[in-house]
Amino acid sequence: MTGMARALAAVLIWIACVVPAASQVNTPVARAQAQTQDEAVGQPSANDVQELLRILGDPRVVEWLKTRLADLPQPETANRSLRAEIEDRLKAARQRIAELGQAWSNFPYLPDVLAEAWRAQLERGAALRSLTYVIVFLFIGGGLEWLFWQYFHPILLRIEHTPPLTLAQRLRGAAARLLLQASGLLLFALGSIGAFLSFTWPPFLERIVVSVLLTVIGIRALAMLSRFVVAPRNGQLRLVPLETPMATRIHRWHLVVASVFASAMMVSDTFAFLAQGPSGSPQAVNAALAIAVLLGAGATAAVIAMIWTLSRGIARDRAPPVAPTRRFETARLRVQPTVISVVVLVAYLLWVFDADELMWTVLVVGLFVPAARLTRVMANHFVDRAEQSARESGSAAQRADAAGPDDAT
């Protein structure tokens, strides 16, 4: 132990001798700064060096330094083994299962726990007042959007009822439609949230009002996107090859799923914030976790129900007449919703076990092929409709030219 202390002292003395020599090659400014620091700090005396050597020669001090070094958090290395990663995942899964078990054990007390936390955060009548504020803010945003459409609705009608003759015209028309619809929704969002930001709110009441406003805006944004792609009322504007009844069903299902998802996120976020607040308790945290899991299960069930319902409708409308082709197409239309349902269910389970990275990986990888196929179908349909419009306009021009001389005679 004494030899280790002497070696450490020798290293310190060597550093003290080398650093002044190395500083001679620095710039004049650096030399001046070093000289100023040396003058301010001062050189250690011989007694100080002897005292340092005495302390480092004490075995208790050396053991204490080793213990402190071992207690420090070690930096994670990038080359972790697969076994360590699996063990960490299993440990996190066991911990999550324990949390879910506690949440399920407290499930019968869920209404009372959340009601008590709710009363602790909100004063009497605050919930009704917040609902009134939300209605007022939505009315302000709706008024701004109504004013916007008073000026731009004729432009949108002209775009929708002008048949495009080329692919460039169809692209410009689709982009203009999307821009106008997004601008109206943006004004609605700015009006409602801007009016809300004009006042000062208690933290929990502010969270509730913002969640409700964002839920309404999110549902409207998803509905706008569905209306833009599916166009349930106008087949000329439809970006996918669907009949009008099927397009209407798809748009309605999109509205249902968007409402379920946005409402589930709003409710779970509100109760999670409520459970983690000053009035929260372990029982409230478990209750909020149970509500989030149940709402997530409901949203997942809504997505799977939409997938199978629409897949049956598409399979019935797209049944090919030839027997071998019909058999292959029917098998594909049965396998595809099964795969998508499994992907959605696995993603939900990963979310329940708090594995967000794996959840997004499964969603991206699992939905890549259906998304790529849908994109290809939309692009082909978009180009085919443009070519068909060009052919129809050319045929109409030829018939008009052919009928001109006959009418003259």
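The values are calculated or read from the model by the stated rules, or taken from the named source; none is laboratory data. None of the values given here were measured: they were computed from a predicted structure. Note that we place each Cβ from the backbone using ideal geometry, even for glycine, and neighbour counts take in every protein chain shown. Surface accessibility is based on the protein's heavy atoms, side chains included, excluding ligands, DNA and RNA. Shrake-Rupley method; radii C 1.70, N 1.55, O 1.52, S 1.80 Å.
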Please go through the range 230-243 and pick out each residue that is more than 17 Å from His161 (Cβ to Cβ) and open to solvent by 30 Å² or more (accessible area, probe 1.4 Å). Pro241, Leu242, Glu243
Of the residues Phe148, Phe139, which is in contact with a Ser or Thr (Cβ under 8 Å, 6 or more places away or on another chain) and part of a helix (DSSP H, G or I)? Phe148
Can you tell me which residue within the range 249-278, out of those that are β-branched (Val, Ile, Thr) and either surrounded by fewer than 15 Cβ atoms within 10 Å (Cβ to Cβ) or at pLDDT below 85 (or both), is nearest to Ile314 (Cα to Cα)? Val256
Failed item in (1) over 22 Å from the mean Cα position of the chain (by Cα); (2) assigned to a helix (DSSP H, G or I), with Pro164 passing the rest: (2)
From the option list Arg158, Arg119, Arg170, Arg129, single residue qualifying as of a type in the set (Lys, Arg), in contact with a helix residue (DSSP H, G or I) (Cβ under 6 Å, 6 or more places away or on another chain) and part of a helix (DSSP H, G or I) is Arg170
Some residue of the range 60-82 being modelled with pLDDT under 75, within 30 Å of the chain's Cα centre (by Cα) and in a helix (DSSP H, G or I): yes
Contacts under 9 angstrom Cβ, first residue in the range 274-289 being within 12 Å of Ala103 (Cα to Cα) and β-branched (Val, Ile, Thr), partner modelled with pLDDT under 70 and surrounded by fewer than 23 Cβ atoms within 10 Å (Cβ to Cβ), 6 or more apart: none
Scanning the range 187-209 for residues that are under 18 Å from Ala262 (Cα atoms) and modelled with pLDDT of 85 or more gives Phe188, Ala189, Ser192, Ile193
Do we find that Gly184 is modelled with pLDDT of 80 or more and crowded, with 17+ Cβ neighbours inside 10 Å in this structure? yes
